[in-house]
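Bear in mind these aren't lab numbers, they're just calculated from the coordinates by the rules spelled out. Just so it is clear, the structure is predicted and the values come from calculations on it, not from any experiment. All Cβ positions, glycine included, derive from the backbone under ideal geometry; neighbour counts span all protein chains shown.
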Amino acid sequence: MASIVAGIGSSHGPQLKAPPPEAWETRGRADRQSRNLAFRGRTHTFDELREVREDFSHEITHEVMQRRWDACQRAMDELSAFIRAQRIDVLVIVSSDHKETFNDELLAPFGIYWGDEVAHVPFTAEQLAAMADGLAEAARGDVPDQTIMRPTHRALARHLIQCVQNEDFDVAASEILPEGRYANRGIPHGYGFIYQRFLGEDSSVPFVPVFINTFWDPNPPSARRSYDFGRALARAIGSFPEDLRVGVVASGGLSHFVIDETLDTDFIRAITEHDADYLRSVPASEMMSGASELRNWIAVAGIADETGLQVTRADYEPCYRTEAGTGNAMGFIAWERP
């Protein structure tokens, strides 16, 4: 039977792929023009956000930014070494889609891709030029230099779809990815980043892409539903008849585009301590904007809780980029058998 042997959780925000200070400050200038900064259930203009938060000017010096960057790179290097050492036969990667792949034609709360392979496609020069200031450099960190057809595990994916269906999760099944925003039927950045940064561009480890609609109204799943979905996935993986060493990955998060250290530290504590009551009760008002990707971590925490995986390392770096506290909080977790 298949066995879940280890897992990792990692943020995948642009600040991990574009070093400070220039790239971070470029994104900060965009924040200062925003009128849609979500924080604790409300949206604010930048000036309004400054009024309701403390002054984070001490966090946006070049020295602090560099220290945060260096700490994130070390944490990712160590997670990369960890997951490569696990002799994984297949990865189940849980992430979200920023309407890169699925769009308003159909947005399912949960989806699983069950084709034979999937394209990992570089951006064209025109696509990079059309990105918002500061994003093109980061986007290059999500993709290879030329298209790679990444293997997926069709049989396991089909099994997962059927098993969670039997547990009353009406999961969407995609055998062919839509053309998507970039007209290439490729995997979005939340999955590509895991290969580029953790497994290595030349990795041949197959994976199963699991999609959670974290961002988009009207049907992102609740925290409770996300956690229970994770536990159902764990049971499904464990009942797959082939002898496989399976790794699981949560890609995305933590709080962004407004950093909330209280939310993040409470959340990491709950994952570490297997606090299912907390994880199942995170309110939707706390999972707005980029913080919506907490749902990916909640689902993988459900997998870990179901299978007895323990958190053996947890690193956290709130990477601020403006005095109002905007930026991306970066989290890095390893789960393994005790």
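Within the set of other residues whose C-beta is less than 12 Å from the C-beta of Leu49, count the net charge using Lys and Arg as +1 and Asp and Glu as -1. Result for the local shell: -2.
Going by neighbour counts of Cβ atoms within 10 Å, the residues Met330, Met65 line up, fewest first, as Met65, Met330. Between Tyr182 and Thr61, the modelled labels are 3.8 nm apart [label points 7 Å from Cα along Cα→Cβ]. Along the range 214-221 the Karplus relation, 6.51 cos²θ - 1.76 cosθ + 1.60 evaluated at θ = phi - 60°, assigns HN-Hα couplings of 7, 8, 9, 5, x, 10, x, x Hz to successive residues, with x for each Gly and Pro. Taking the C-alpha atoms only, the angle from helix 261-272 to the longest principal axis of the chain is near 20 degrees. Mind running the shape call on the range 1-149? Use the C-alpha gyration tensor, a ≥ b ≥ c as the square roots of the eigenvalues: rounded below 1.5 for a/c, prolate if a/b tops b/c, oblate otherwise. Here the range 1-149 falls in the prolate category. Across the alpha-carbon set of the chain, the Rg to Rh ratio works out to 0.94, Rh being the Kirkwood radius.
Applying the criteria of a DSSP loop state and at most 11 other Cβ atoms within 10 Å to the GluC sites (Glu not before Pro) of the range 237-338 yields Glu273. Taking label positions 7 Å along the Cα-Cβ direction at both Glu175 and Arg235, the computed distance is 2.7 nm, reported to one decimal. For Gly325, the residues 5 or more places off, or on other chains, whose built amide H falls under 5 Å of its own are Phe56. Each label point was placed 7 Å from the Cα along the Cα-to-Cβ direction; for Leu128 and Glu48 their separation is 3.7 nm. May I ask for the angle, rounded to the nearest 10°, between helix 223-238 and the longest principal axis of the chain, with both axes built from Cα atoms and the value confined to 0 to 90°? With rounding to tens, the tilt is 40 degrees. Counting neighbouring beta carbons within 10 Å and listing from fewest to most, the residues Cys72, Cys163 come out as Cys163, Cys72.
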